[in-house]
Amino acid sequence: MYYVNREQIERRLNVLPEVVQILEAAGSNGEAALLERYAEERALHLAIEIVTDVGSYLIDGFIMRDASSYEDIVEIMHDEKVIDDGLFQVLTELVRLRKPLVQEYFDWDRSGNHALAGRLPQVLDDFSRRVREYLDKEGIAS
């Protein structure tokens, strides 16, 4: 029997609807104000952290191979059939934004919406659904 902390996974997945809401709002304005650019930036950062945190809980709980990077967390979820090829591609692109967002923030382009932000609402909803389906299939109670 595996010990997968579904409660902690759910706590993180439950933040995604707000992240999706911000990304949708930021994407609907075209030329948005600087405050909205920063909100989008933070939403992207939160999306990265949630995806990698959830992935880490799955990896630890199901005793999957150790991850060596953020991208590797996404790759392991793909290898273990938590996410499909489409999610794998977009989530890999997302986690590659972590370094620019967190360490190279001074060079981040805040002049308009990030191209990935418009695609993320559906992707994050799909991610949540796929993780929950995987947990259910594995018999991990809520």
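Being crowded, with 19+ Cβ neighbours inside 10 Å, closer than 14 Å to ARG130 by Cα and not charged (D, E, K, R), is that true of even one residue in the stretch 26-48?
no
Within the stretch 29-44, is even one residue touching a residue at least 40 places away in the same chain (Cβ under 8 Å), farther than 16 Å from HIS114 by Cβ and part of a helix (DSSP H, G or I)?
Scanning the stretch 29-44, I find no residue that is touching a residue at least 40 places away in the same chain (Cβ under 8 Å), farther than 16 Å from HIS114 by Cβ and part of a helix (DSSP H, G or I), so the answer is no.
Within the stretch 55-92, track down each residue that is in contact with a helix residue (DSSP H, G or I) (Cβ under 8 Å, 6 or more places away or on another chain), of a type in the set (Gly, Ala, Ser) and in a loop (DSSP other than H, G, I, E, B).
Answer for the stretch 55-92, where residues must be in contact with a helix residue (DSSP H, G or I) (Cβ under 8 Å, 6 or more places away or on another chain), of a type in the set (Gly, Ala, Ser) and in a loop (DSSP other than H, G, I, E, B): just ALA67.
Can you find a residue in the stretch 94-104 that is at negative phi, out of contact with any His (no Cβ under 9 Å at 6 or more places or on another chain) and of a type in the set (Val, Ile, Thr)?
Yes, the conditions are met somewhere in the stretch 94-104.
Anything in the stretch 50-84 that is among the basic types (Lys, Arg) and either touching an Asp or Glu at 6+ places or on another chain (Cβ under 6 Å) or within 15 Å of TYR134 (Cβ to Cβ) (or both)? List them, or say none.
LYS81
So that you can scan it fast, the table gives a plain yes or no per residue for (1) within 12 Å of the chain's Cα centre (by Cα); (2) outside any helix (DSSP H, G or I); (3) surrounded by 15 or more Cβ atoms within 10 Å (Cβ to Cβ); (4) hydroxyl-bearing (Ser, Thr, Tyr):
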site	(1), (2), (3), (4)
LEU101	no, no, yes, no
PHE106	no, no, no, no
SER111	no, yes, no, yes
HIS114	no, yes, yes, no
ASP126	yes, no, yes, no
ALA141	no, yes, no, no
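Any read-out appearing in this document is the output of simple, stated calculations on the displayed coordinates, not a laboratory observation. The model shown is predicted, which means the values in this text are computed figures rather than measured ones. A quick note on method: Cβ atoms are made from the backbone with ideal geometry, for glycine too, and the neighbour counts reach across all protein chains shown.
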